[in-house]
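> Here it is: the structure, laid out below.
The values are calculated or read from the model by the stated rules, or taken from the named source; none is laboratory data. These figures come from a predicted structure and were not determined experimentally. Glycine also receives a Cβ, built like all others from the backbone with ideal geometry; neighbour counts cover every protein chain displayed. These accessible areas exclude ligands, DNA and RNA; they are computed on the full protein's heavy atoms, side chains included. Shrake-Rupley method; radii C 1.70, N 1.55, O 1.52, S 1.80 Å.
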Amino acid sequence: MLAAPNADIPAAEDAIGDALERALIRWPVEGMPANPEAWVLTVARNRLRDRWKSHAYRMTGPLPEKDRPAWEFGNDSGDSPDSRAIPDRRLELMLVCAHPAIAANCRTALMLQTVLGIDSAAIARAFSLPPATLAQRLVRAKRRIRDAHIPFAVPARVDFDERLPAVLEAVYGAWAIDWQLEPTGAPIESLSAEALHLALVLAEVMPDEPEALGLAALICLSESRRPAQRIGRGEFVPLDEQDTRLWDSAMISRGEALLRRAHGFGRPGRYQYEAAIQSTHCARGHGGQVDWVALRKLHRALLRVAPSLGAAVSLAVVDGQVEGPEAGLRALDAITDPAIGRFQPAWTARAHLLTEAGRPAAAAEAYREAIELTSDAGVVDYLSRRLAAVAGER
């Protein structure tokens, strides 16, 4: 925890960058050390200590060592009274980033970038924000941690409830960002696996928190279908066309068990509804049929507790399944979010519904719009195939 002694995240990032630069210069000549991570951390820590000793830093830096809590300064273990309750250091840091003194609209992005190492451009896309806007928020949040001397301390368990929603959102965001990445591009290695791990740790640490259980269930159920989501050279396969034999039945069972535990508390929330939606789709994995009426109830409940453009578009598709494609199209047209014109899934949904309604010319135009709005080659391949099919019907 390089930033723990002075809460200066930018300085810690600079120190790590400097250490990595030195590694690139020295390792090819001197050979790689036995413990590369420890070498980088030691060099970075020494760089920070040199900075702390400088006259300029002593005149402008945060509180001196004698005025800071003993456990906080110079304690490499970072232990606090409750730290042993959290078996993953990243979750400790995420709880720091969720401190109430940090602006609410900065907390999740700060966790994603600073703790999980996600590129700010990917975070900006996930939040539908201009990159410059997100960058400004992150700078302000890091300054706030430094200037307010926010301690790098694990909060007492009584404070977990206040910080948990932001941490859950960050774990969910990491998982969602990984699903949006182009498989043939430059993915963030094992990001979905990391999100799953963190969600399961949260469920273990907070077994009485239904939304933590719900998030773990959601990621388990969704990840169970990942092997069937792409075929060939990465062409996307929509859920209703996936080969269920490729689904991970053990992962589905684990997700279902977590969802049942969450449901037992009688306090439904966003992640539980999303997990229940995925569970309904997973019925096909053991020879069942998707209950579209139940699915519509779940989508409506989700839209009430966590309204979003994605949830509204998904509900329109389900309406089309239950009441026919024209009903789905009316639901799409009723969405007032101005971002819908730039939202690729909305154009894909419209194209599908128009095809089902027997309007191939309009469907072809919608497919062209959807293709223009994605850079995922696998999705482009799938949509192009659908476009060719409806264009041949004209």
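> Name the residue that is nearest to Val167 (Cα to Cα), counting only residues in region 95-118 that are among the hydrophobic types (A, V, I, L, M, F, W, C) and in a loop (DSSP other than H, G, I, E, B). Give the steps one after another, and end with the answer.
Going residue by residue through region 95-118, those that are among the hydrophobic types (A, V, I, L, M, F, W, C) are 95-98, 101-104, 106, 109-112, 115-116, 118.
If we keep only those that are in a loop (DSSP other than H, G, I, E, B) as well, we get 98, 101-103, 116, 118.
Values: Ala98: 7, Ala101: 15, Ile102: 13, Ala103: 14, Leu116: 12, Ile118: 15 Å.
Among those that are among the hydrophobic types (A, V, I, L, M, F, W, C) and in a loop (DSSP other than H, G, I, E, B), it is Ala98.
> Please determine, by comparing only the residues of region 381-394 that are out of contact with any Ser or Thr (no Cβ under 6 Å at 6 or more places or on another chain) and hydrophobic (A, V, I, L, M, F, W, C), which one is modelled with the lowest pLDDT.
Among those that are out of contact with any Ser or Thr (no Cβ under 6 Å at 6 or more places or on another chain) and hydrophobic (A, V, I, L, M, F, W, C), it is Ala391.
> For the structure I just gave you, tell me whether Ala217 is in contact with a Gly (Cβ under 6 Å, 6 or more places away or on another chain), under 30 Å from Ala377 (Cα atoms) and surrounded by 16 or more Cβ atoms within 10 Å (Cβ to Cβ).
Here the answer is yes, as Ala217 does meet what is asked.
> Answer yes or no: is there a residue in region 230-249 that is open to solvent by less than 70 Å² (accessible area, probe 1.4 Å), in contact (Cβ under 8 Å) with a residue 60 or more places away in the chain, among the small types (Gly, Ala, Ser) and touching a Gly at 6+ places or on another chain (Cβ under 8 Å).
yes
> If we keep just the residues of region 119-145 that are closer than 23 Å to Leu309 by Cα and assigned to a loop (DSSP other than H, G, I, E, B), which is least open to solvent (accessible area, probe 1.4 Å)?
That would be Leu129.
> Would region 377-393 turn up any residue that is outside any helix (DSSP H, G or I), of a type in the set (D, E, K, R) and open to solvent by 60 Å² or more (accessible area, probe 1.4 Å)?
The answer is yes; a qualifying residue exists.
The rows are residues; the columns are (1) among the hydroxyl-bearing types (Ser, Thr, Tyr); (2) farther than 20 Å from Glu211 by Cα.
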{"residue": "Tyr273", "(1), (2)": "yes, no"}
{"residue": "Thr280", "(1), (2)": "yes, no"}
{"residue": "Ala283", "(1), (2)": "no, yes"}
{"residue": "Gly287", "(1), (2)": "no, yes"}
{"residue": "Val293", "(1), (2)": "no, yes"}
{"residue": "Leu303", "(1), (2)": "no, no"}
{"residue": "Ala306", "(1), (2)": "no, no"}
{"residue": "Ala311", "(1), (2)": "no, no"}
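> Which pairs do you get when a residue that is of a type in the set (Gly, Ala, Ser), found in region 120-141, comes within reach of a residue that is open to solvent by 70 Å² or more (accessible area, probe 1.4 Å), reach meaning Cβ atoms under 8 angstrom, with the pair 6+ apart or on two chains?
Ser120/Pro131; Ala121/Pro131; Ala122/Gln180; Ala124/Pro130; Ala124/Pro131; Ala126/Gln180
> Let me ask you something else. From the list Leu202, Leu198, which one is open to solvent by less than 10 Å² (accessible area, probe 1.4 Å), hydrophobic (A, V, I, L, M, F, W, C) and either within 13 Å of Gln278 (Cβ to Cβ) or at pLDDT below 95 (or both)?
Just a single option satisfies the conditions, and that option is Leu198.
> When you look at Ser314, is it closer than 27 Å to Ala391 by Cβ and modelled with pLDDT under 95, yes or no?
Answer is no for this residue.
> Please tell me if Leu332 is open to solvent by less than 50 Å² (accessible area, probe 1.4 Å) and among the hydrophobic types (A, V, I, L, M, F, W, C).
yes
> Select from region 283-311 the residues that are over 24 Å from Gly341 (Cα atoms), assigned to a helix (DSSP H, G or I) and at pLDDT below 95 and write down the one among them that is least open to solvent (accessible area, probe 1.4 Å).
Ala283
> Would you say Ser375 is at pLDDT below 95 and among the hydroxyl-bearing types (Ser, Thr, Tyr)?
Yes: the conditions hold for Ser375.
> Still on this model: Is it true that some residue in region 351-362 is within 21 Å of Ser314 (Cβ to Cβ), assigned to a helix (DSSP H, G or I), in contact with a Pro (Cβ under 7 Å, 6 or more places away or on another chain) and open to solvent by 40 Å² or more (accessible area, probe 1.4 Å)?
Yes, region 351-362 contains a residue that is within 21 Å of Ser314 (Cβ to Cβ), assigned to a helix (DSSP H, G or I), in contact with a Pro (Cβ under 7 Å, 6 or more places away or on another chain) and open to solvent by 40 Å² or more (accessible area, probe 1.4 Å).
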